[in-house]
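Undergrad: Handing you this structure, nothing more for now.
Throughout, read-outs are computed from the coordinates displayed, never taken from laboratory work. Keep in mind it's a predicted model, so treat the numbers as computed, not measured. Cβ sites come from the backbone with ideal geometry, for glycine too, and all protein chains shown count toward neighbours.
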Amino acid sequence: MNDFHEPRQRIMTSRSFGKLTGNLGEIREALRQHGQRGAEKLRSQGSLARAVLVFLKTNPFRLDLPQYSPHAVLELPRPTDDSREILHAAGHALQRIYRKGYFYQKGGVMLLDLVDARRQQLSLLDTPQSEAERQRSAKLMSVMDELNSRMGRGTVKLGTPSPGAAWHLRCANLTQRFSTRWDELPTARAR
């Protein structure tokens, strides 16, 4: 059986969009959210990623629409857990795979080739400046994670998603959560 204490070898964050979209800006926003969430998971397990995979999918059940399910892998210059570097790579990968004329149903970001942050192999090309930059980055990501854990996920994020974008999940048909939310408990009244 899988040991829950073992660090994951890859981290995937993806969702189906609320409705089909071909808008590059909306897809970029969705992948930005997925990339940030993946980087948070990466830091929480104490790992660094060496590569980023980005994928898009059209709806395979809509045979009346053209089908396209691309993916691209970008190797990172050095292993990182910095959301900014991961999002930068994901943005480049999206530019490579996006094609106009398709309506995408799903998109995601996968962080690949994970290594333990405490056992990373440094490059011979590293300078004291790159080490200082790495420490500043770690401090920034730590502050972001701390604020998000204290004040709720998504309090501090890179870029603000558009309200009502096509990639947001539609929650109109959610069932009520009587057993987990006090404010949704049914009320009985007697006459």
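Undergrad: Assuming R0 = 30 Å, what is the FRET efficiency of N59 and R8, from their Cβ-Cβ distance, to the nearest 0.05?
TA: Values: r = 29 Å, r/R0 = 0.95.
FRET efficiency, N59 to R8: 0.55.
Undergrad: Below 23 Å, Cα to Cα, which lysines can K19 reach? Residues fewer than 8 away in the same chain don't count.
TA: Cross-link targets: K57, K100, K106.
Undergrad: If you don't mind, another one. Could you calculate the FRET efficiency of A188 with N23 from 1/(1 + (r/R0)^6), where r is the beta carbon distance between them and R0 is 41 Å, rounded to 0.05? Before the final figure, lay out each step's value.
TA: Numbers: r = 46 Å, r/R0 = 1.13.
Here the calculated transfer efficiency is 0.30.
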